[in-house]
There are 2 protein chains.
Amino acid sequence: MVAPLYFSRVALRTGDPAISYFMQQAVESPNLISLAAGLVDAESLPGGYVAEAVRKILERPESMKAALQYGTTQGYQPLRAAALEHFCRLDQLTPAQLNLDTNHVLITTGSQQLLYLIAEAMLDTGDTVIASSPSYFVFNGLLQSVGTRTLTVPGDDHGMNTAALEELLHRMNRSERAKVRLIYAVSYFENPTGASLSLERRKHLLDLVRRYSIDHRILILEDAAYRELRYDGEELPSLKSLDPENHYVVTGMTFSKPCAPGLKTGYGLGPTELIDTLVRLKGNHDFGSTNFTQHILMEMLRQGTYHKHVEELVRVYRQKRDAMLAALEAEMKPEWGVRWRRPLGGLYIWVTLPPNIPCGAGTQFLQDALAEGVLYVPGELSSGSKSEMRLSFGVEPPSQLREGVRRLARAVAKQFVKWR
Amino acid sequence: MVAPLYFSRVALRTGDPAISYFMQQAVESPNLISLAAGLVDAESLPGGYVAEAVRKILERPESMKAALQYGTTQGYQPLRAAALEHFCRLDQLTPAQLNLDTNHVLITTGSQQLLYLIAEAMLDTGDTVIASSPSYFVFNGLLQSVGTRTLTVPGDDHGMNTAALEELLHRMNRSERAKVRLIYAVSYFENPTGASLSLERRKHLLDLVRRYSIDHRILILEDAAYRELRYDGEELPSLKSLDPENHYVVTGMTFSKPCAPGLKTGYGLGPTELIDTLVRLKGNHDFGSTNFTQHILMEMLRQGTYHKHVEELVRVYRQKRDAMLAALEAEMKPEWGVRWRRPLGGLYIWVTLPPNIPCGAGTQFLQDALAEGVLYVPGELSSGSKSEMRLSFGVEPPSQLREGVRRLARAVAKQFVKWR
């Protein structure tokens, strides 16, 4: 008998991601239509643009050598500059107006690594993070690993309810408040609900962290991963843009969703002392994310193909969102009382079944849906209610989205037949 | 006045990497010959092979989509299979003989991320790691962040002195021994000394962990990053190959050194329960390293260009090593008492000045070397002695290696003039 391995406290707190079971289902059932996966549309992936960028990089010895050699921990300087310009342009501002320069930009292995590094830099076991509910389940899993206390305030069509947040902060005593490190806000087309934080609430949120940062600063972690996938409505100013002194907001962005997840490149923008700390920590992780794909993205930004691709993508996803919304409209009978939100961007539609139809792991409804050949992500995983679910229109083509919703409707219908 | 940011205990334990100062010197002095950088030879980077692999991947829609979509947390399955085959072939064994399959392989963001994940999975503050001295300074920095206690045993021409290790383990009382989690061993052409662990010591090391794993298992972390860069001598069996039950050794490998650091892809092989834990942790970090570069490496392995490239690289580096050794022979006068090791592989030559010439940060010798226009890594950074240094023949071409050593010799000569 071999002696057992010892694992750290962090490892012991880190369970299998809740989503694993659902991903496994999709793998094992080839005829399943997955409205669960958070992947992106495969047909529109920018193979041609990437090929063109790679050709350009590798044809000149100097750029070839720069791209295949080690990069720096903070990330390729021209890409940091271009990402910063790009981000500020979305807010119709200049970097200087936001007190930002390339030292305030960190390139990460997707935006997930930024979330990880911020948690590592700012959170000890027992510290408090505030998020809205429901909220991104991968980040919830990370917080559980770290061993923080996560408090939630409800979200609705306009994102996190900041009045409820104010009440929460107000109710806390001094020692409770001293533990609050971060407020996590997905500001655009939230995963899983599709909601965006309203302008009024954005301002209120900034006001709150300014007021309640007394002995130490409470930081807003703005997750803006879906920002560029906007299909309708006005561009909202980022939380970052409402923090022109660069004190209270660190924002995570990614090239995965608007370009190609396979290039696995994200970036963060934030206060000097935070970014410096993240760079030091990242030195321990990997001393720099993949250099080659950073050069590819830089080349795509330079050639303008990145922007062209985002435009194409917005068109593709708008159609897919509309196909799914139309299918829901067509298939879900009004008397069933199924409701859903119409997202203005992102990849997800949040569906609410009547409260007497739970749809989480182990329910009859989930079993019926799988038997019909369709999969979704139960809202429970994102601490939503027992009868909510996330549908994604990212992966499947419109015809499959329609068929998937039809299958889902058959599973709902079954519940009603049963009660008769 | 804005309130101060709160940082975690880990962040507070994470200083600037000691090497930063030296990298900064290199950046600021364009005429400096850097024998310090751990980068690879730029001229031999496999631009043509990478271009060919990318063309192949992007020309077919199916492979394009697979490479630009999200990958999996554990890494691209065909690459895991190919990496496993490749690793076992170096030991002239099959995966089955080592009780390994693709579930025991994890793809990481360079081999550094494997080191990080293992530290995260296995170490709590106050736990003990044993390493040889001198030892890889980036790993030392990581352990300092984690807050472990690092014990060292001396290394020599044959790597870690396992007799000293045995004595150390023997001397410990039960509670001290209960804290020992990992023994870190760079098994081939160690950074910084260039030494490889002898076969006898490899066997002794395995014997020791088997004997001393009583209440819990003591794991060997074998860092084999330089394994494929062997210029002379016999191939030594890996520590992993001496653990056919897959219980006691986890091995880190990388495609950075033998292929291209810009592709930032490494891999680890180890016991089931460890790899499973690392995958769960990696889910929090990034849910998978860059997928695109994993596909590129897979294509290079398939086309055979990876192996061709390693052969070319071995030829290039052998020449550079010989150029540096010849320059040392020619420039360092015997009466100075400067000694160095002849490495059989890797990228480093370990040089020992007479004990009355310290060469670390703040010394006259370092200042003289910089004035002459040459930079090295002081041995101190790797907890070597005050008069040792690491010279790298990785980056500079042979002519510059010769000139760099000439400049270094002038700095040594200065010390002797002074004493006359």
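The values are calculated or read from the model by the stated rules, or taken from the named source; none is laboratory data. Note that the structure is predicted; figures quoted are calculated from it, not measured. Here the Cβ is made from the backbone with ideal geometry for all residues, glycine too, and neighbour counts use every protein chain on show. Remember, those area values only see protein heavy atoms, side chains included, never the ligands or the DNA or RNA. Shrake-Rupley method; radii C 1.70, N 1.55, O 1.52, S 1.80 Å.
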Förster-model FRET efficiency, 25 Å R0, residue A:385 and residue A:333, C-beta, rounded to 0.05: 0.70
³J(HN,Hα) computed for each position of the range B:301-318 - Karplus, 6.51 cos²θ - 1.76 cosθ + 1.60, integer Hz, glycine/proline x: 5, 5, 6, x, 6, 4, 5, 4, 5, 4, 4, 4, 5, 4, 4, 4, 5, 4
Cross-link pairs beyond the 23 Å C-alpha cut-off, checked among B:257/B:320; A:65/A:264; A:257/A:386; A:203/A:308; B:264/B:308; B:257/B:308: A:257/A:386; A:203/A:308
Average accessible surface area per residue within the range B:244-318, 1.4 Å rolling probe, Å²: 23 Å²
Estimated FRET transfer efficiency (residue A:198, residue A:416; beta-carbon r; R0 41 Å; 0.05): 0.70
Mean projected area in nm² (Cα convex hull; one quarter of hull surface) for the protein assembly as shown: 36.3 nm²
Residue B:33 long-range amide H proximity, modeled H, under 5 Å: B:374, B:375
When chain A is reduced to its Cα atoms, the Kirkwood hydrodynamic radius in Å: 22.6 Å
Local net charge near residue B:41, Cβ-Cβ under 12 Å (Lys/Arg +1, Asp/Glu -1): +3
Debye, to nearest 20: dipole size of the protein assembly as shown, +1 on Lys, Arg Cβ, -1 on Asp, Glu Cβ: 460 debye
Karplus (6.51, -1.76, 1.60) ³J(HN,Hα), θ = phi - 60°, over the range A:389-400, in Hz, Gly and Pro reported as x: 8, 9, 10, 10, 9, x, 7, 6, x, x, 4, 6
Residue B:182 long-range amide H proximity, modeled H, under 5 Å: B:130, B:219
Cα centroid separation, the range A:114-162 to the range B:324-378 (Å): 51 Å
Value of [θ]222 nm, deg cm²/dmol, for the protein assembly as shown, DSSP H segments ≥ 4, -39500 (n - 2.57) each, nearest 500: -14000 deg cm²/dmol
Counted charge near residue A:95, where neighbours are those whose Cβ lies closer than 13 Å (Asp, Glu -1; Lys, Arg +1): 0
Chain-alone versus full-assembly comparison, the range B:88-112, residues with accessible loss of at least 10 Å² (1.4 Å probe): B:109, B:112
Percent of Cα pairs exceeding the 15 Å cut-off, where the set is the range B:225-306: 68 percent
Accessible surface, per residue, of the range A:71-182 when the full set of protein chains is kept, probe 1.4 Å, Å²: 37 Å²
Antiparallel DSSP beta bridges within chain A, as percent of all bridges there, nearest 5: 50 percent
Rg and Dmax of the range B:322-402, Cα atoms only, in Å: 12.2, 32
Euclidean distance between Cα centres, the range A:56-72 to the range A:5-22, Å: 38 Å
Gap separating the Cα centres of the range A:256-281 and the range A:203-227, nearest whole Å: 18 Å
Whole-Hz ³J(HN,Hα) from phi, Karplus 6.51 cos²θ - 1.76 cosθ + 1.60, for the range A:100-112, glycine and proline x: 10, 9, 5, 5, 9, 10, 10, 8, 10, 7, x, 6, 4
Gyration tensor (Cα) of the range B:73-217, equivalent ellipsoid semi-axes in angstrom: 26, 19, 16
Heavy-atom accessible area, 1.4 Å probe, ligands and nucleic acids excluded: residues of the range A:177-219 down by at least 50 Å² from chain alone: A:217
Heavy-atom accessible surface that A and B bury in contact, both chains counted, 1.4 Å, Å² to 100: 6800 Å²
Nonlocal amide H pairs with residue B:155, under 5 Å, H built at 1.01 Å: B:133, B:161
Positive-end extreme of charge dipole, the protein assembly as shown - chosen from B:343, A:346, B:17 (charges on Cβ): B:17
Accessible carbon and sulfur surface of chain A relative to its total accessible area, %, 1.4 Å: 52 percent
Residue (of B:295, B:42, B:268) at the positive-pole extreme of the protein assembly as shown, dipole from beta-carbon charges: B:268
Dimensionless Rg/Rh of the range A:1-126 - Kirkwood Rh, Rg from C-alpha atoms: 1.07
For chain A, with +1 on Lys and Arg beta carbons and -1 on Asp and Glu, the positive-most of A:357, A:170, A:242 along the dipole: A:357
Residues along the range A:256-291 losing 30 Å² or more of accessible surface when the other protein chains are present rather than the chain by itself (probe 1.4 Å): A:261, A:262, A:264, A:277, A:280, A:281, A:284, A:285, A:286, A:287, A:290
